[in-house]
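Written out below as C-alpha cells is the structure these notes cover.
The values are calculated or read from the model by the stated rules, or taken from the named source; none is laboratory data. Quick caveat: nothing in here was measured; it's all calculated off a predicted structure. Glycine gets a Cβ as well: all are built from the backbone with ideal geometry, and neighbour counts include every protein chain shown.
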Amino acid sequence: MGRNPCKKDWVGGCGISGKASAPGSESEGLAGRGCRVLGRAKGMGRVDWLDNRKLLFWLLVLLNMLAVLAGIWYYQWQIAETPLPLLFFVPDCPLYVFLSLLVILRAVKSDAFSFIVSCGMVKYGLWTVFALIFHSGAYFSEGMLLVSSLFVIGHIGMALEGLALLPEKKAGAAILLAAIGWFLLNDFADYALGTVPRIPAEGIGMVAALTIAGSLAIPVLLWAYQRKVAKTSPVKWLRKIVESQA
C-alpha cells in the first residue's frame, strides 16, 4: 500500500513533521502542489454537480417550450374550426405544459394555481397515454409506431412533471372542489360540445366515462396523498431540478 503524501504527519507532501508547508515554497514539494490541485478538482466536482442541475432545469424549460409549440401545431386545424368561446378547451396538453412553465419559472407563485396545474398535467398526460394505447390499432401502425411511442414517453414525462409541481402546502378543500369542478367543465366541453381531441369514435363512451372518473379521482388522490407522492424517488429528483432556480 503506497503512502498518502497528503497526510500531514508524513515527511514530504503537504507537510513536514506535522507542519504544513507554505503554498509555493520550496519545501512544499511536488506532492504538496499535487494535493492542492486535487483539492481544487474536488471543489470543481461539487460546482459541476450544481451546474448540471441548473443545466437540467433549463433543459426541462426548453423541452416544455418545444412541447407547447408541437402541441399547438398538432391542434392547429381543430383550433381553426372551433368557435372562439370554446378555444380554451381544445389544446389540453400544450395548455397545461405552458401553465407549468409559469410555475417552474416562478411567474406565478400560487399554491392553488400550482395544484390545479399539477392535476391537469397528470390528468392529460395519463389521458393521452390511455387514448393512444386504447386506439393502438390506429396509432401504432407501421408508419406511426415511432411517433406514437415518443408521444407515450413524452406524456408519461408530462404526468411525472405534474407530480413534481405539487405545492408543499396542502391545498384547502375549496381549491380541491374548484379543481374538480374545472376539470368536469373541461369534460363537458369535450364530450358534449365537441372539443375533445380528434381520436377514433370507437369506444368514445368508455373514453368519456374514464375521463370523468379521472377528473374526480386525480385531484382527490393528489390532495390526499400529496406528501407521500413528494417522497417517491422520481418526484424528489424532479423537484430538485425544478427548485434549483428558486
- Right, Ile72: in contact (Cβ under 8 Å) with a residue 40 or more places away in the chain, of a type in the set (Val, Ile, Thr) and either under 18 Å from Gly120 (Cβ atoms) or exposed (fewer than 13 other Cβ atoms within 10 Å of the Cβ) (or both) or not? no
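If a residue counts only when it is within 19 Å of the chain's Cα centre (by Cα), which helices (runs of 4 or more DSSP H) contained entirely in region 84-167 have at least 2 such residues? Outline the logic, then answer.
Values: elements: 92-104, 111-134, 136-139, 145-164.
The helices (runs of 4 or more DSSP H) meeting that bar are 92-104, 111-134, 145-164.
Would you point out the residue of region 195-246, among those that are among the small types (Gly, Ala, Ser) and in contact with a Leu (Cβ under 8 Å, 6 or more places away or on another chain), that is modelled with the lowest pLDDT?
In the first step, residues of region 195-246 are kept if they are among the small types (Gly, Ala, Ser); the result is 201, 203, 205, 208-209, 213-215, 217, 224, 230, 233, 244, 246.
Adding the requirement that they be in contact with a Leu (Cβ under 8 Å, 6 or more places away or on another chain) leaves 214-215, 230, 244.
Details: Gly214: 98, Ser215: 98, Ala230: 90, Ser244: 81.
Of everything passing the filter in region 195-246, Ser244 is modelled with the lowest pLDDT.
Among the listed residues Ser118, Ser110, identify the single one that is surrounded by 14 or more Cβ atoms within 10 Å (Cβ to Cβ), within 30 Å of Ile241 (Cβ to Cβ) and among the polar types (S, T, N, Q). Steps first, please.
On the way: Ser110 fails: surrounded by 14 or more Cβ atoms within 10 Å (Cβ to Cβ).
Being surrounded by 14 or more Cβ atoms within 10 Å (Cβ to Cβ), within 30 Å of Ile241 (Cβ to Cβ) and among the polar types (S, T, N, Q) holds for just one of Ser118, Ser110, which is Ser118.
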- Message: Give me the helices (runs of 4 or more DSSP H) completely within region 172-246, filtered to those with at least 3 residues that are hydrophobic (A, V, I, L, M, F, W, C) and out of contact with any strand residue (DSSP E or B) (no Cβ under 8 Å at 6 or more places or on another chain), ordered by residue number.
- Response: 173-192, 204-224, 233-242
- Item | Output for region 48-83, where each listed residue is farther than 21 Å from Ala164 by Cα, within 23 Å of the chain's Cα centre (by Cα) and small (Gly, Ala, Ser) | Ala70, Gly71
